[in-house]
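See below for the structure under consideration.
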Amino acid sequence: MTDIGALSRDLGAIRTVVDRAQVKLRSRDFYWYSPILKKQLRDVTADLVVMPADEAELIETLKACHARGVPVTPRGAGTGNYGQAMPLKGGVLLDLSLMNAIPRIEPGRVRAQAGAKLIEIDTRAQAETRQEQRMHPSTLRTATVGGFVAGGSGGVGSVTWGGLRDRGNVLGLRVLTMEARPRVLELRGDDVQKIVHAYGTTGIVTEVEMALAPAYDWIDVILGFADFGSAVRFSHMLTAQDALLKKLVTSIATPIPQLYFRQLKDIVPPDTHVVLAMIAPLAMEAFESLLESWPADMLHRSDRDGRRNLPPVYEFSWNHSTLLALKVDRAITYHQVLYPPPGHLAKIAHLHATQGDDVMDHLEFVRFDGQVAAFGLPLIRFTDERRLLQIEGTFAAAGCPTFSPHACTLEEGGMKRVDPVQLAFKREADPQGLLNPGKMIAWERPDYDGTRQAAHLFPAAGGA
Ligand code: FAD
């Protein structure tokens, strides 16, 4: 049990929040996307929120928590959707939003404090150097760079640049260890993988160095297709066009746009499947040429039609599709599945034809290990856990690994296997196991063998 009074006294002038309701509110993320996690994590709360203003205050906070054996769960903006930022064992919720400076933007790279908002980084990089982040989650407007690196996987831009874990996207991380005297480490090269997508279980990120790309005034495009197969084949073909600059290629099956994308109700006709894309202005003519031989209707293009009061098209993609559906129907949930190449198009076609009406297809096309692949975020009309498992089984039977968004641990989420490099680094950087406890099964159950899982979204840290 945390002695909040004593800990608060240790923390002196460092900003804290003690009000129970406020603390509980900030102990939440988007875990409620999953009906399973919604039930499991409902009562989870920290004892205290601590908001360090700089690295010196952060070091004092970690020292004090270490001395009292208090768990520490870091948080950026709390937009993760598997309860990653929820303090399962109470203790301190470490809100890093005040550490939000962007000290350096130069050709090809940006250096930002962990609490910097992704939108701020893009805004500054565009204004000062005509550059932008290679990729961002569809939560660009709300998420922080530290939360993205520690909790995300990829997103808008992954169609060209692959995932966060692909070498060369995250260039460097400044990290604090959880020891009696926290060490300040600069991790570079493959060492960044000790932290990327580790949910803050292996260290607290204070600064992130990310690769940048040239910025474009991306043109939002919405295409309509009468059959889903054509939409998917077109998406694959577009993704494979390396010289055609694009930032997003998404295929979404009817009835998702008609039922859940209210802002598109005057744009997408009934029974129509859509492809959403972001195309660089200089690539628009090439895109139009490619389109000529496809049975597609141009439903919207932002350079010709203006914005029509629409949000950016990426806010219908990635995990935003689930959010929009949940706003209409609270019984919607989703899954995460990889359609690995080769043969991904056949797998998509087979599953689309054989799954029940309670599974609605949403695909994100990405670069995966240098090949075109599709990552599925199918919407699911939730009935019960048995049916959810059954659906998971149909993907597995078709050779498509799932990465459960209905579990809050690193291993069950299946974004990767038990990661020996991250586990070894945690032994060194957090020997008492105080960082975000409960999220790394391998730490709590050394006999756990997740390596038997056949496929993984990422290679293990430091792997080939
Ligand atoms: P948080 O949710 O606060 O934290 C995420 C994880 O990182 C937690 O485990 C937390 O403990 C840890 N953490 C936070 N800061 C630090 C730090 N400084 N040091 C160490 N650990 C830290 N994700 C994608 O990858 N791609 C998407 O396209 C995408 N789209 C989304 C759309 C919606 C509508 C929603 C709700 C979520 C989406 N997500 C997506 C998930 C989430 O938004 C992203 O992972 C986002 O980058 C998280 O940023 P955050 O600042 O909110 O992090």
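Laboratory data are not the source of any read-out in this text; all were calculated from the coordinates shown. Only a predicted model underlies this, so the values are computations on that prediction, with no experimental measurement involved. Neighbour counts run over all protein chains shown; Cβ positions are idealised from the backbone, glycine included.
Listing for the model above:
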quantity	calculated
Centre separation in Å (Cα based) which lies between region 37-63 and region 418-447	18 Å
Ratio Rg/Rh, restricted to region 219-397 and using Cα atoms, in which Rh is the Kirkwood radius	0.95
Semi-axis lengths (Å, descending) of the ellipsoid that matches the C-alpha gyration tensor of region 201-241	36, 17, 11
Farthest toward positive dipole pole in the chain [+1 Lys/Arg, -1 Asp/Glu at C-beta], among Leu324, Gly376, Pro87	Pro87
Rounded, prolate or oblate (a/c below 1.5 giving rounded, otherwise prolate when a/b exceeds b/c) for region 1-127 by Cα gyration tensor	oblate
Net charge contributed by nearby residues that have their C-beta within less than 11 Å of Phe225 (K/R +1, D/E -1)	-2
Distance from region 265-285 to region 291-350 (C-alpha centre basis), Å	9 Å
Descending semi-axes in whole angstrom, ellipsoid equivalent of the chain, from the Cα gyration tensor	37, 24, 20
With 5 Å bins from 0: P(r) over region 123-180, alpha-carbon pairs, percent	4, 16, 24, 24, 19, 7, 4, 2, 1
Degrees separating the helix 55-68 axis from the principal Cα axis of the chain, which is the longest one	60 degrees
Distance between modelled label sites at Ala226 and Ala101, nm, 7 Å Cα→Cβ extension	6.1 nm
Overall Cα dimensions of region 378-438, principal axis frame, Å, largest first	42, 24, 16
Note, ³J(HN,Hα) from phi for region 278-295, Karplus 6.51, -1.76, 1.60, rounded to Hz, x at Gly and Pro	10, 10, 5, x, 5, 9, 5, 5, 5, 5, 5, 5, 4, 5, 3, 8, 10, x
Contour excess over end-to-end distance, with Cα ends at Glu285 and Thr123 and 0.36 nm allotted per residue	55.6 nm
Theoretical ellipticity at 222 nm over the chain - DSSP helices of four or more residues, -39500 (n - 2.57) apiece, nearest 500	-8000 deg cm²/dmol
Neighbourhood charge, 13 Å Cβ-Cβ cut-off, centred on Gly168 and excluding it, Lys, Arg +1 and Asp, Glu -1	+3
Under 11 Å, Cβ to Cβ, from Gly151 - net charge with Lys/Arg +1 and Asp/Glu -1	+1
Nearest-20 debye value, the chain charge dipole, Cβ charges on Lys, Arg, Asp, Glu	800 debye
Sequence-distant aspartates and glutamates (8 or more away, or on other chains) whose Cα lies within less than 15 Å of Lys327	Glu315
Where only alpha carbons of region 171-235 are counted, the Rg and the Dmax (Å)	20.3, 62
Distant-in-sequence amide H partners of Phe368 (H built 1.01 Å from N, under 5 Å)	Ala373
Alpha-carbon Rg with Dmax, taken over region 10-63, Å	14.0, 40
Cβ charges +1 (Lys, Arg) and -1 (Asp, Glu), total dipole of region 104-214, debye	60 debye
Gain in span if fully extended, Ala353 to Arg42, counting 0.36 nm per residue against the direct Cα distance	108.3 nm
Average silhouette area of region 111-210, convex hull of alpha-carbon atoms, in square nanometres	6.0 nm²
